[in-house]
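Please read the structure below before turning to the comments.
The values are calculated or read from the model by the stated rules, or taken from the named source; none is laboratory data. From a predicted model like this one, the values you see are computed outputs, not experimental measurements. Neighbour counts run over all protein chains shown; Cβ positions are idealised from the backbone, glycine included.
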Amino acid sequence: MRNAKTLEYGFSNEEFEIRLQRAQELLYQNKLDALLITIPSNLRYFTGIDTNFWESPTRPWFLVLPLSGTPIAIIPDIGENIFKKTFVEDIHTWASPNFNGDDISPLKSLLESLPSRFGAIGAELGKEMSIRMPVLDFGLLRNNFKFNIVDGTSLIWALRTVKSFNEIKKIEKVAQIVSEVFEILPTIISVNDSERSASIKVKREILKRGADNIPYLPVVSGKGGVSQIIGNPTHKLISSGDFLFIDTGATYDGYFCDFDRNFTIGTVSDELKRTHEILWHATEEGIKNLVPGAKTQDVWKKINKKIEDFGFMVKGEGRYGHGVGLQLTEPPSISSFDNSIIQENMVLTIEPSMEYKPGKIIVHEENIFVSKDGPVLLTKRATKELPVIS
């Protein structure tokens, strides 16, 4: 796994053909005639399409994976040339945006032409999915339609949660880049920085080392801890006695890492140091239990027990980790409400958190690849002691 420096962009056509074959096997098992794909991460997974044009919501893009045969793209004409660079050969275009309000007819006509063996088409209707088209258009698609449109989410996640070797290498590459930046962070930021200027410095270092993008980077500081961990950085100055939390969702070739690091600015309380160390041990417990065949719910319970062994009573039933890949967070969840089976070649985070006193929380997170022999860290493991920034 450590040859990521020679990693190339994209995937071979063979890898996409394997994904298509697996999808079609699942379509047959689920009695579906096709799978309708609309969201950027799924389009990228099945075709390799690489564009930031998704930032424009004006034009819908569609991909149809039929029960047999090759994928069919139904896309706005502006995307034709870039789609021709993918392994998809059956490309249909139309002039879009269509301000007469009809972006759905090209898709509906094509779907109507498909053979109907089961009378159903799967779509992105379930948890952690969405349909990327106007709700009114989705209603028009379903009206007077020969197929039932049903939830195909479980099929999609069955494919995407188990990564190929090439996918894992890309996640490892970006995780190693961000790990290196976290290691040198005490030398590049100081009490002269605001949260925002610290964020800019971190982004600069991550990009300089070869990451493509940094869509997610909360930087939060506060005396004795922080009260939230998802807000964007502000102009607040980092000051002596602060606890500093930085979480990073950076990408390489579309694949995310997702992990945080905690720092102190000068001296902080022994209570804060001890809480961080407890979470470090809880993370260790979670990591060692990420083995093929384990249940996510059981891993969550073992993390809880480790925290309680140190004398803290866990409140609530929050999530202690999740999948990661083409999206910052993916199924399964390391939680009390998810009883998924952990499989070989999943990539997961372990992310225990604690409210160690009212309104003050600490989170600790690592990224792990589940090999046939057990867990493999993709990040560089955080130190048990809180790093100090002077």
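Only one entry of 360, 372, 380, 384 meets the criterion of being in contact (Cβ under 8 Å) with a residue 12 or more places away in the chain, more than 30 Å from residue 188 (Cβ to Cβ) and either charged (D, E, K, R) or surrounded by fewer than 15 Cβ atoms within 10 Å (Cβ to Cβ) (or both), and that entry is 372.
Residue 304 passes every criterion in (1) closer than 27 Å to residue 154 by Cα; (2) surrounded by 14 or more Cβ atoms within 10 Å (Cβ to Cβ) apart from (1). Answer yes or no: is there a residue in the range 357-371 that is in a strand (DSSP E or B) and small (Gly, Ala, Ser). Yes - at least one qualifying residue is present in the range 357-371. Scanning the range 85-137 for residues that are outside any helix (DSSP H, G or I), free of Cβ contacts under 8 Å to residues at least 12 places away in the same chain and among the polar types (S, T, N, Q) yields 98, 100, 113. Among the residues of the range 35-43, is any more than 23 Å from residue 323 (Cβ to Cβ), surrounded by 18 or more Cβ atoms within 10 Å (Cβ to Cβ) and not hydroxyl-bearing (Ser, Thr, Tyr)? No: the range 35-43 contains no residue that is more than 23 Å from residue 323 (Cβ to Cβ), surrounded by 18 or more Cβ atoms within 10 Å (Cβ to Cβ) and not hydroxyl-bearing (Ser, Thr, Tyr).
Of all residues in the range 232-244, exactly one satisfies the criterion of being assigned to a strand (DSSP E or B) and surrounded by fewer than 21 Cβ atoms within 10 Å (Cβ to Cβ), namely 237. Of the residues screened, residue 70 is not one that is among the polar types (S, T, N, Q), modelled with pLDDT of 90 or more, in the same structural domain as residue 155 (by TED's automatic domain parsing) and in contact with a Lys or Arg (Cβ under 7 Å, 6 or more places away or on another chain).
Contact map, the range 290-305: residues that are under 14 Å from residue 368 (Cβ atoms) paired with residues that are surrounded by 24 or more Cβ atoms within 10 Å (Cβ to Cβ) and among the basic types (Lys, Arg), Cβ distance under 6 Å, separation 6+ or inter-chain. No pairs are found. None of 191, 226, 220 is assigned by TED's automatic domain parsing to the domain that holds residue 312, hydrophobic (A, V, I, L, M, F, W, C) and over 30 Å from residue 303 (Cβ atoms) except 191. Candidates 243, 256: the one that is in the same structural domain as residue 327 (by TED's automatic domain parsing), closer than 19 Å to residue 365 by Cβ and over 24 Å from the mean Cα position of the chain (by Cα) is 243.
Pull up the range 141-171, narrow it to residues that are touching a residue at least 40 places away in the same chain (Cβ under 8 Å) and part of a loop (DSSP other than H, G, I, E, B), then point me to the one that is surrounded by the fewest Cβ atoms within 10 Å (Cβ to Cβ). Filtering first and then ranking leaves 164.
Each row is one residue, and each column tells you yes or no for (1) under 28 Å from the mean Cα position of the chain (by Cα); (2) crowded, with 20+ Cβ neighbours inside 10 Å; (3) not β-branched (Val, Ile, Thr).
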site: 52; (1), (2), (3): yes, no, yes
site: 55; (1), (2), (3): yes, no, yes
site: 68; (1), (2), (3): no, no, yes
site: 72; (1), (2), (3): yes, yes, no
site: 79; (1), (2), (3): yes, no, yes
site: 86; (1), (2), (3): yes, yes, no
site: 92; (1), (2), (3): no, no, yes
site: 103; (1), (2), (3): no, yes, yes
site: 112; (1), (2), (3): no, no, yes
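Evaluating residue 215 against the criteria (1) in contact (Cβ under 8 Å) with a residue 40 or more places away in the chain; (2) surrounded by fewer than 18 Cβ atoms within 10 Å (Cβ to Cβ); (3) not in a strand (DSSP E or B) leaves one unmet condition, (3).
Filtered by the rule that a residue be of a type in the set (Lys, Arg) and either touching a strand residue (DSSP E or B) at 6+ places or on another chain (Cβ under 9 Å) or not assigned by TED's automatic domain parsing to the domain that holds residue 180 (or both), the range 198-217 gives a lone residue, 203. Of the residues 16, 46, which single one is under 16 Å from residue 82 (Cβ atoms), modelled with pLDDT of 95 or more, surrounded by 14 or more Cβ atoms within 10 Å (Cβ to Cβ) and in contact with a strand residue (DSSP E or B) (Cβ under 7 Å, 6 or more places away or on another chain)? Going through 16, 46 in turn, the sole match is 46. Checking 286, 293 one by one, the residue that is surrounded by fewer than 16 Cβ atoms within 10 Å (Cβ to Cβ) and not charged (D, E, K, R) is 293 and no other. Just one residue in the set 348, 377, 326 is assigned by TED's automatic domain parsing to the domain that holds residue 271, under 16 Å from residue 175 (Cβ atoms), among the aliphatic types (A, V, I, L, M) and in contact with a Lys or Arg (Cβ under 8 Å, 6 or more places away or on another chain); that residue is 326.
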